[in-house]
Amino acid sequence: MKGCDIETPGQPQIVRTMMAHLAYQPLLPTGNKYLQQKWDKASYDLHREKVKSAKPTINTTPPKTYVHLAVKLKKQKLEEEWTMKIQRENNMLMEKIAHIMRTTGEIDNKNYERKSLGKEKRQLELLRITKENQMILSRLSQCRSHYNLRSWHEDWLKTLKVMDSIARYPRGRTNEQKGQENSIKKHNDIDKEQKISADAATHSPASNKVNEKAESEENENSKETSKKGSTGTEIQQDMATYPESKCT
């Protein structure tokens, strides 16, 4: 087969190309190598065309640009209106300045009265509120209480009598004892103050001892007298409160 590809003198080129299919080695066994080579070449050419015309599965193209997003007409319109307003105000100011420069200028010094639209309504509402307050005040001042203080006081006196009759010990004795204890404390405080003043005046230890002895004797005497008086008062109260039990 390879010998067919060698050029020989006098052999044409067409014969060599026609015999080239004999050197083709197909992948699968075939009955006609010429047709198999032709079919394989056609399928290969089709494959190459598909590869050339193949498109990517991922879209890598830039996104589509929309005109209404790139060019914002509403924003441009607002900017134009704003610039026109500023220009109009500037023109008005320029005209005023030019008028002042041409003339001496004028001042608008008119006295304007401040008027309130709801003044009358507020005044009427204030009058209504004051009338209602006066009516409430008159009712409160003229009304009388439904409670009788005298009856309350009498009831309290009755309850005190009942409490005294129920109590095991009379209530007046404890109050008297408390009063006596308070008087003793006051006397002791007065004695201490006198002692401190005497110590500050004398500053002598002998005089301090004498004063302390005298004060202690006075305190003992006052305590004994207070005890005697308290026992006497207790006996009198017991006799007054429980005369029947004492006699029996």
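Considering the stretch 94-104, the residues that are aliphatic (A, V, I, L, M) and surrounded by 10 or more Cβ atoms within 10 Å (Cβ to Cβ) include one that is modelled with the highest pLDDT, namely MET94.
Quick grid of which residues meet (1) at pLDDT below 90; (2) charged (D, E, K, R):
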residue	(1), (2)
ASP5	yes, yes
MET18	yes, no
LYS33	yes, yes
LYS52	no, yes
PRO63	yes, no
TYR66	yes, no
GLN76	no, no
MET84	no, no
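Return yes or no: is ARG122 at negative phi, touching a Ser or Thr at 6+ places or on another chain (Cβ under 9 Å), at pLDDT 85 or above and part of a helix (DSSP H, G or I)? Spelling it out, ARG122 is indeed at negative phi, touching a Ser or Thr at 6+ places or on another chain (Cβ under 9 Å), at pLDDT 85 or above and part of a helix (DSSP H, G or I). Counting the residues of the stretch 32-76 that are touching a Ser or Thr at 6+ places or on another chain (Cβ under 9 Å) and outside the structural domain of MET19 (by TED's automatic domain parsing) gives 0.
Of the residues that make up the stretch 53-68, is at least one aliphatic (A, V, I, L, M) and either under 30 Å from LEU27 (Cβ atoms) or more than 58 Å from the chain's Cα centre (by Cα) (or both)?
The answer is yes; a qualifying residue exists.
Suppose the filter is under 47 Å from the mean Cα position of the chain (by Cα) and either loosely packed, with under 11 Cβ neighbours inside 10 Å or among the acidic types (Asp, Glu) (or both); does GLU49 pass it? When the stated conditions are applied, GLU49 does not pass them.
The values are calculated or read from the model by the stated rules, or taken from the named source; none is laboratory data. Just so it is clear, the structure is predicted and the values come from calculations on it, not from any experiment. Because the Cβ atoms are built from the backbone with ideal geometry, glycine has one as well, and the counts that use them run over all protein chains shown.
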